[in-house]
Amino acid sequence: MPAKKTLREPALQAILDAAVDGVVLIDHRGLIRAFNRSAERLFGYAAAEVLGRNVGILMSDAEGARHDEHIARYLESGVPHVIGRGREVAAQRKGGTYFPIFLSVGVLPDGATPQFLGFIHDLTPEREAQEQQQRLRDRLILASRLAMVGEIAAGIAHEVNQPLAAITNYAWACQRLLGASDPDIAEVRAALQEIGTQAVRAADTIRRLRRLARTPEMRRESTSLNALISEVAELARSDAARQDVRYELDLAEHLPPLNIDAGQIQQALLNLLWNALHALRASAASPKQVGIRTRFNAARQVEIDVCDNGPGVPQELAPRLFEPFFTTKSEGTGLGLAMSRTIAEAHGGTLHYRADTPGGACFVMRLPVD
């Protein structure tokens, strides 16, 4: 028969039930004497099911054994080790599944037999949020690498394809000229023919590479743009806080969902955010601000503005901002903006720059709804 609860006062029980975190009261033998409503929700047990049972049913076997050792050592020595200090442990729900908690234990003196009050905070939401952010970072890193390779390949193709085409033309011209000469030079003709063949093969390879860079394989799905932007802003929030930069999100309501590759669009927007934060490092503006705005325009496009109140871009440099390998940063690669524009265009959209008013820089991405 389960033991009776030692907490009989309705007011005290009401206080325990009002706590957001789980609260469990045990005696010196480790038997549960009180179990609040939050604990019932966390563990899946009704209070009547656990009262009088050892608290080990709420823990993994290893944690339960250590918990008994901590209590026995405290009763013997009176010196707290984990009591009064919070720690992370693995808890066990009624169905046998484990979940992470932050456990804080306090002592309630009660004559020769003290009782122990445990406060239990479920860490599952924090862990899931951390895992989601890590998955998001991994996805953005992968998209960044793929897009960067595409930009590099496109730049190389543009620079190398012209001389390769010239080599091809000259090689075949030499073959035609030598074809009317003494047949004793057949070996030279064969060598020239090989040069032409290899040059054509190289040009074909580069054309395929450019085609791949222009139309990368994407995984499009219906996506809420405002939710996507909120995730990006959260990723960059720590960098902004270190630089004392304030975010201003102005996200239009009732935007239609977009059929986009969320990872690629997030990578493009993250590049724009990092550029804005970099521009504000040496800025004397007070306060330093980055604004992100979304709206639906008359052309059935969703517009995303990423603006800052930094020094802006010199007028003479603005036309070159989206050129691959062009950068105004000493440590920059010059691929971020070019990559972001490539991503926008691959989705049928655009990305352009305009000076902000009264000062600063603003990048505007437009994506079609249809």
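Below, the figures for the structure above:
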item: Accessible area, probe 1.4 Å, largest first, for residues 288, 94; result: 94, 288
item: Listed residues 362, 307, 174 arranged by accessible area, highest first, probe 1.4 Å; result: 174, 307, 362
item: In Å², nearest 10: area of residue 244 left accessible to a 1.4 Å probe; result: 120 Å²
item: Potential extension, residue 221-residue 69 segment - 0.36 nm per residue separation minus Cα distance; result: 49.4 nm
item: Solvent accessible area, Å² - residue 270, 1.4 Å probe, full protein context; result: 10 Å²
item: Nearest-10 value in Å² for the accessible area of residue 248, using the 1.4 Å probe; result: 90 Å²
item: Most to least accessible of 274, 172 (protein chains only, probe 1.4 Å); result: 274, 172
item: Cα gyration tensor shape of the range 243-320, rounded if a/c is under 1.5, else prolate or oblate by comparing a/b with b/c; result: prolate
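The values are calculated or read from the model by the stated rules, or taken from the named source; none is laboratory data. Nothing here was measured: the structure is a model prediction, and the numbers come from that model. Remember, those area values only see protein heavy atoms, side chains included, never the ligands or the DNA or RNA. Shrake-Rupley method; radii C 1.70, N 1.55, O 1.52, S 1.80 Å.
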